[in-house]
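One structure is given below, encoded as structure tokens.
The values are calculated or read from the model by the stated rules, or taken from the named source; none is laboratory data. Owing to the predicted nature of the structure, the values given are computational and were not obtained by experimental measurement. Neighbour counts are summed over all protein chains in view; Cβ atoms, including those assigned to glycine, are modelled from backbone coordinates with ideal geometry. Surface areas here come from the heavy atoms of the whole protein model, side chains and all, with no ligands, DNA or RNA. Shrake-Rupley method; radii C 1.70, N 1.55, O 1.52, S 1.80 Å.
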Amino acid sequence: MVKNNKKKEEKPKKNDFKSFLRKRAPIYLVIITIFVIFAIPELTKSDLQSRFPELTSEQKQVVDILMNYNGPNESGLTVMEAITNRINEEYPDEKIFDNKKTIVELAVSKINDEEYHFILDFESYKGELNYDWNVNKISGKITSNNQDSKHIIDLVDFYD
């Protein structure tokens with residue numbers, strides 16, 4: 001009787017997860033790279049409306065009335081688009097809303113039961129733009145209180 005003292009040499013167990021990753025690592029790397037290049041900048045993209053402070057529901061209604069106003073013939077340019085275009089003209093080829101020195105202040109205050117005072121101040125390293133309107137919540141009538149505000153409303157009213 002001869003004892004078999006030799007242990008069977010066992011092959012090390014393959015780690016299925018490691019082999020899975022090794023085969024597919026280039027594919028995952030490409031997918032992550034595409035996500036970083038294309039998706040993250042779009043998700044973190046900033047605009048004028050994203051810089052507005054938190055508002056009450058009543059104030060949001062007034063902001064929506066003003067920013068969605070698109071003239072008497074109700075076609076074409078809105079106030080939000082006109083303000084954004086004006087800012088983009090002042091700061092071409094810049095991501096001005098991503099700049100830390102850019103400040104957007106918005107104030108909506110109630111004058112009476114149906115009329116609200118709306119102030120939008122945009123301040124950056126080059127200067128500032130100030131807009132001041134009165135908005136009638138019931139009729140939707142918008143009255144400009146300064147020259148910049150009047151220019152925006154005229155631009156929206158006469159846009160073709």
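Structural remarks
- Looking only at residues in the stretch 76-88 that are open to solvent by 50 Å² or more (accessible area, probe 1.4 Å) and among the polar types (S, T, N, Q), the one that is farthest from Lys126 (Cα to Cα) is Asn85.
Okay, residues lined up against (1) buried (at least 18 other Cβ atoms within 10 Å of the Cβ); (2) modelled with pLDDT under 85:
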position: Glu74; (1), (2): no, yes
position: Glu90; (1), (2): no, yes
position: Phe97; (1), (2): yes, yes
position: Glu115; (1), (2): no, no
position: Asp121; (1), (2): no, no
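- Restricting attention to the stretch 15-43, the residues that are at pLDDT below 80 and open to solvent by 90 Å² or more (accessible area, probe 1.4 Å) add up to 7.
- Elements of the type strands (runs of 3 or more DSSP E) sitting completely within the stretch 73-160 and holding at least 1 residues that are touching a residue at least 40 places away in the same chain (Cβ under 8 Å) and among the aromatic types (Phe, Trp, Tyr): these cover 115-123, 128-136.
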